[in-house]
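> Structure incoming, see below.
Read the figures in this text as sums done on the coordinates, not as results from a lab. Every value quoted in this text rests on a predicted model; they were computed, and no experiment measured them. Virtual Cβ from ideal backbone geometry, glycine too; neighbours counted across all protein chains shown.
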Amino acid sequence: MSAFFEAVGNVAFAAQILRVATPILLAALGATIASQAGCLNMGLEGIMLFAALTGVYVSSMTQNASWGAWAGLLAALAVGALLGALLAYLVLHLKTDATLAGVAINVIGSNATVFLMYVWTGSPGTSASQKSYVLPTVSIPVIRDIPVVGTVFSGQNVVTYMAFALVAALAFFLYRTPLGLRIRGVGLNPGAADSVGINVVGVKYLAYVLSGVLAAMGGAFMSMGYVSWFARDMTAGRGFIALAAQAMGRSTPVGSMLSSIFFGFTMALSNSMQSLSIPFELIEAMPYACTILALSAYAYQQTRKKKQSSGG
Amino acid sequence: MHHDLSGQSAGNEALNPSAQQQRDPHRGPAGKGGGLGAPRDINSRFELIRMLVAILIGIAITALVIFAVSDTPLESLRYMFIGPATTPRYFFNVLELMLPLVFTGVAISLCFSAQQFNLTAEGIFFFGGMVAAVAAITTKLPDGLHPFFCILLAGLAGGVIGAIPGLLKYRWNASELVISLMLNYVCFSVSMYVIKNHFRDKDAGAIVSYLFEKTAVLDKVVAKYRLTTGGVVLAAAVCLLAYLFMYKTRWGFSVRAAGANMNFTRYTGLNVAFAVIGSQVLSGVVAGMGGAVEMLSMFTRFQWAALTGYGWDGVIVAIFARNNPRHVPLAALFLAYLRIGADIMMRRTGVQMEIVKVIQAIMIVLLVAESFLAKTRHRMVVREATRESIVAEEVA
């Protein structure tokens, strides 16, 4: 047990939680906005992979160390928006089942990125042979000098700060702006929203596109912050974890953030506890098992609430 | 009201009457179920046309991409589409790949028929492989019996795991989709834990288990190839039994009816919960058996290091088969043929085989997109109706 606290009490560990949570948080925010509009974005994983490859490719093509990574990020976000729109088109116009359309996007993302990477680099495994650039880390002037806090909150990648800022931004957008209100209205009751003149399909399109952009930012972080290359299937299920984080966070930005941090915690734990006597695989399974428990507990509580309100 | 995943499908439909009207009651999940009766003739003819168009479009895109990236496009295309049929070895490769796809295809069909997006087949396939491997290492049984004991054990384990999302959905309305995705990772990690910590052969370089008992390995059809007689027989039996269950029994009818319209089925007094959870348990059994058959056919020790992806492929197979176990073998054969063709193309001409999975996903989208070719469908219905009215007039 003391070894556990040694691993967890470490300051670097706390910093790592934020780093590991970043891509999950961004994708979970993407899932959140889609869900608020009554849509399911099952394609987060594929969108993240496309964005990760796009970011590396564009930043590498610019051959520019000062703004190359930013160009890569922008291109990745654009690809995310396009894929979000594609998913919206499939679901809203072609009436494809949202789950299956998402599965298709994931299959395409997982395989097309490998195919394109091979065409580009000649390697089917990683893009490490090509020089690409990473997004900068930010050292915050005053905070970095405070002993523990500085190590945790300063010196993170710029995308990590953006991700947490986006939690506040998205909360404000959803609950305090007319457009956010419309999105939630469409999610709650599309018929009613339609009857007061809201363009339901348009709003859902917007939600899918924004969802794609947010997931893409998470994907770009993977290849231009977390590491500095693209690798086959490098998101490793983070798009699915993000869906769980959104469901656990009850589709609110703050809830999604908390559950993403929880996932970050367990994943960082599995990284740093490999030296301990607890088998790595069991720690690795923990975040997923915890999700199942948390989701079940939440669903249980909801059902009981419903029963009580209908019974009493 | 929060729009979490669990409440979504039910909530949206209840709130949006137009969505309900658009859903054709004669079709199962994903809009493509076998249908419960009524205007089957036009529907099935239309589905066939739509499938052919989707496949043609997929092949056309493949050809275009190959022309764009290959130095020897014609040669690449030849390897891709004719390659698997050129030598017995390649053809046996196709059949070997077809087997796991049949198992996961049937498994996913069972869930999708009940409109349950339970994707645990991916994890259960892996877990079943592990269970079979452990049983093959630790137990001693006579030759003919041993593999089937291992497969049975894996099937039982699969059934138990398959029940989890089903029960949670039924009892508390938890999203079976998210739960099953998480379960896949748990299955993977737990399996790896068992193999690595209890059955790892430390003399072998990589992380692999001890060798299976010789009696536990399934017998080959032809000594040179890895296709096993037991595997073929079991796959055929699973398809047949699943088909009979879905289309010839009262339970199966309840499952499909529940998939088409849950509330209606509830009012008819059919035991929906039993049927829906039962279909997911059976799905787990089939997926677990599939993993075991794959393990005891293709390997002599456990050597998987990552999830196999066959569960996701099962989704593709199920959609091509329109969730009907009867069509699963053909769909699995088609998929396996394309994959092996792409593999041959990659090894001979260097065009990455991932392209074929992209194409399969595109075909899937075309198949499940209800509005794709909707006008053609409309024309077919009108033509048929006109013909019938003419006939009716003549009779009168």
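> Over chain A, calculate the relative contact order: mean separation of alpha carbon pairs under 8 Å at least 6 apart, over the residue count, as a percent.
Working: 526 pairs, mean separation 107.4, N = 312.
It rounds to 34 percent for chain A.
> Please report A:Ser35, B:Ser175 as a ranked list, fewest other C-beta atoms within 10 angstrom at the top and most at the bottom.
Starting with the residue having the fewest Cβ neighbours, the order is B:Ser175, A:Ser35.
> Restricting to Cα pairs below 8 Å that are 6+ residues apart, what does the relative contact order work out to for the stretch B:82-212? Please round to a whole percent. If you can, show how the numbers build up before the last one.
Working: 112 pairs, mean separation 33.0, N = 131.
Result for the stretch B:82-212 is 25 percent.
> Still on this structure: Once you treat every alpha carbon in the stretch B:265-369 as an equal point and sum by Debye, what is log10 I(q)/I(0) at q = 0.10, 0.14, 0.16, 0.23 Å⁻¹?
-0.41, -0.75, -0.93, -1.34
> With 5 Å bins from zero, work out the P(r) of the stretch A:142-259 over every alpha carbon pair and list the percent per bin.
With 5 Å bins starting at 0, P(r) equals 2, 9, 14, 19, 18, 14, 10, 6, 3, 2, 1, 0.
> Shielding by partners for A:182-190, please: the mean number of other protein chain Cβ atoms within 10 Å of each residue's Cβ.
What the average comes to for A:182-190 is 3.
> Using modelled backbone amide H atoms (1.01 Å from N, in-plane), which distant-in-sequence or interchain residues come within less than 5 Å of A:Gln156's amide H?
A:Val138
> Still on this structure, I have one more. Please state the equivalent ellipsoid semi-axes for the stretch B:108-224: what are the square roots of 5 times the Cα gyration tensor eigenvalues, largest first, in whole Å?
30, 17, 12
> Rounded, prolate or oblate: pick one for the stretch A:61-188, where a ≥ b ≥ c are the square roots of the eigenvalues of its C-alpha gyration tensor, a/c under 1.5 means rounded, and failing that, prolate if a/b is larger than b/c, else oblate.
In terms of gyration-tensor shape, oblate.
> Would you list B:Cys239, B:Cys111 from fewest to most Cβ contacts within 10 Å?
B:Cys239, B:Cys111
> What Kirkwood Rh does chain A have if only Cα atoms enter the pairwise 1/r average? Answer in Å.
Over chain A, the inverse of the mean reciprocal pair distance is 20.3 Å.
> Let me ask another. So how strong a dipole does the stretch A:2-311 carry about its Cα centre when Lys and Arg Cβ are +1 and Asp and Glu Cβ are -1, to the nearest 20 debye?
Using only the charged Cβ atoms, the result is roughly 780 debye.
> Return the loop-located trypsin sites (Lys or Arg not before Pro) in the stretch B:212-297 (DSSP other than H, G, I, E, B) with at most 10 other Cβ atoms within 10 Å of their own Cβ; answer none if there are none. Let's see the in-between values first.
Numbers: sites: B:Lys214, B:Lys220, B:Lys224, B:Arg226, B:Lys248, B:Arg250, B:Arg256, B:Arg266; in loops: B:Lys224, B:Arg226.
Sites meeting the loop and neighbour criteria: B:Lys224.
> Quote the charge dipole size of the protein assembly as shown about the Cα centre in Debye, to the nearest 20; the model charges only the Cβ of Lys and Arg (+1) and of Asp and Glu (-1).
Its charge dipole is roughly 800 debye.
> How far apart, in nanometres, would the label points at B:Ile49 and A:Thr177 be if each is projected 7 angstrom from Cα along the Cα-to-Cβ direction?
4.6 nm
> Using a 10 Å cut-off on Cβ to Cβ distances, tally the other chain neighbours for every residue of B:358-367 and report the average as a whole number.
Mean inter-chain Cβ contacts per residue within 10 Å come to 6.
> Sticking with this structure for a sec: Over all distinct Cα pairs, what is the inverse of the mean 1/r for the stretch B:32-395, reported as the Kirkwood hydrodynamic radius in Å?
21.8 Å is the Kirkwood radius here.
> Taking chain A as a Gaussian network, where each spring joins two C-alpha atoms under 10 Å apart, which residue of A:Leu26, A:Leu206, A:Leu53 fluctuates the most?
Answer for the Gaussian network model of chain A: A:Leu206.
> Using Cα centres only, tell me the gap between the stretch A:126-159 and the stretch B:217-234 in whole Å.
Taking the Cα centre of each part, the stretch A:126-159 and the stretch B:217-234 sit 56 Å apart.
> Could you work out how far helix B:374-395 tilts from the main Cα principal axis of chain B, as a 0 to 90 degree angle to the nearest 10?
The angle comes out at about 50 degrees.
> Considering Cα pairs under 8 angstrom that are at least six residues apart, work out the relative contact order of the stretch B:32-395 and quote it in whole percent.
Over the stretch B:32-395, the number comes to 34 percent.
> Please give the average number of partner chain Cβ atoms lying within 10 Å of the Cβ of each residue in A:109-121, rounded to a whole number.
Mean inter-chain Cβ contacts per residue within 10 Å come to 5.
> What is the protein assembly as shown by shape, rounded, prolate or oblate, if you read a ≥ b ≥ c off the alpha carbon gyration tensor as root eigenvalues and call it rounded for a/c under 1.5, prolate for a/b larger than b/c, and oblate otherwise?
Cα axes put the protein assembly as shown in the rounded bin.
> Further question on the same structure: So, with +1 on the Cβ of K and R and -1 on the Cβ of D and E, and no other charges, what is the size of the charge dipole of the stretch B:89-244 about its Cα centre, to the nearest 20 debye?
120 debye
> Can you find, among B:Trp304, B:Ser70, B:Leu95, the residue farthest towards the positive end of the dipole of chain B? Put +1 on the C-beta of Lys and Arg, -1 on that of Asp and Glu.
B:Leu95
> What residue among A:Phe221, A:Phe172, A:Phe263 has the largest mean-square fluctuation in a Gaussian network model of chain A, using Cα springs under 10 Å?
With Cα springs under 10 Å in chain A, the top fluctuation among A:Phe221, A:Phe172, A:Phe263 is at A:Phe172.
> Gap in Å between the Cα centre of the stretch A:171-249 and the Cα centre of the stretch B:165-199?
26 Å
> Calculate how steeply helix B:310-320 sits against the longest principal axis of the alpha-carbon atoms of chain B, using the helix alpha-carbon long axis, and give the answer as 0 to 90 degrees to the nearest 10.
Approximately 30 degrees, to the nearest ten.
> Then there's this: Where does each of A:230-240, B:84-94 land if you order them by average Cβ count within 10 Å, highest first?
Per-residue Cβ counts within 10 Å, averaged per peptide and sorted highest first, yield A:230-240, B:84-94.
> Could you derive backbone 3J(HN,Hα) for the stretch B:285-298 from the dihedral phi with the Karplus parameters 6.51, -1.76 and 1.60 (θ = phi - 60°), listing whole Hz in sequence and x where the residue is Gly or Pro?
Running phi through 6.51 cos²θ - 1.76 cosθ + 1.60 with θ = phi - 60° gives 4, 5, 5, x, 4, x, x, 5, 4, 4, 4, 7, 9, 8 Hz.
> How many angstrom lie between the Cα centre of the stretch B:307-356 and the Cα centre of the stretch B:48-124?
Result: 3 Å between the Cα centres.
> OK, next. Considering only A:Gln63, A:Phe173, A:Val11, whose Cα is most displaced toward the positive end of the charge dipole of the stretch A:2-311, charges sitting on Cβ of Lys, Arg (+1) and Asp, Glu (-1)?
A:Phe173
> Taking the Cα-to-Cβ direction at A:Lys305 and at B:Ala374 and moving 7 Å from each Cα, how far apart do the two end points lie in nm?
3.6 nm
> Would you work out which of A:Ala88, A:Pro136, A:Ile105 lies farthest towards the positive end of the dipole of the protein assembly as shown? Charges go on Cβ: Lys and Arg +1, Asp and Glu -1.
Among A:Ala88, A:Pro136, A:Ile105, the one farthest towards the positive end of the dipole of the protein assembly as shown is A:Ala88.
> Now a separate question. With springs only between Cα atoms under 10 Å apart, run a GNM on chain B and tell me which of B:Pro325, B:Pro142, B:Pro73 wobbles the most.
Comparing B:Pro325, B:Pro142, B:Pro73 in the GNM, the peak value goes to B:Pro142.
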